[in-house]
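Written below as structure tokens is the structure these notes are about.
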Amino acid sequence: MVNYVWLFMMVFGILVAGAQGNIEVVTKAALDGAQVAVKTSLSLIAIITFWLGIMKLAEAAGLVQALAKLVRPVTAFLFPSVPKEHPAMGAIVMNLSANILGLGNAATPMGLIAMQELQKLNKQSDTASDAMCTFLAINTGCITLIPTTIIGIRVLYGSQNPTEIVGTTVFATCCGMLVAILADRLLRGLYRNRW
């Protein structure tokens, strides 16, 4: 559906520009947008590479396992159907760790691995399990303590204080994660009571 909205906006913009005799504005905007996208992407590679390296070092040093032990009571509460030592739990912890550090790009592969591992535990392969739904909700609304990508973009564009968003980001993502967890539990309860 969103694709149709974007398609409509692009076609409408081109038609309006053509009707006003300013079709070159569309071409210039497309080229300028592509240039900015490439510049931003290349500039963010350094930031993302740095934090991915930090994550690899943390994993090699055993910090991820320590974090897993620290959050095990929380993950055991959120994912009661997943065995404690199952590979899905490790992938979930890695995904949450990357999200907490604001590394959505690093979190995505771990999220895919977590879903594959959760699918192995799923008794109904054509329906998402409770653990899969919970993980999706948490992954979508995960708390972010260090919004590294946003800070990097703010540095790239010359912000005077690129880290001033940290407090509001922590507050907003805490609210988002709380709502995701409550919605998951509430909707699951309503679904079970209905059927």
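The residues of segment 157-195 that are farther than 20 Å from A107 by Cα and buried (at least 16 other Cβ atoms within 10 Å of the Cβ), listed by number, are P162, D184. What about G90, is it surrounded by 17 or more Cβ atoms within 10 Å (Cβ to Cβ) and without any contact (Cβ under 8 Å) to a residue 40 or more places away in the chain? Judged against the criteria, G90 is a match.
Taken over segment 93-125, residues that are crowded, with 22+ Cβ neighbours inside 10 Å and over 17 Å from the mean Cα position of the chain (by Cα) amount to 1.
Looking at I92, I45, I54 in this structure, which one is closer than 26 Å to L182 by Cβ and out of contact with any Gly (no Cβ under 7 Å at 6 or more places or on another chain)? After ruling out the rest, the residue left standing is I92.
Restricting the search to helices (runs of 4 or more DSSP H) fully inside segment 121-195 and requiring at least 2 residues that are at pLDDT below 90 and more than 23 Å from K84 (Cα to Cα) gives 148-156, 166-194.
The values are calculated or read from the model by the stated rules, or taken from the named source; none is laboratory data. None of these values were measured; they are calculated from a predicted model. Neighbour counts are summed over all protein chains in view; Cβ atoms, including those assigned to glycine, are modelled from backbone coordinates with ideal geometry.
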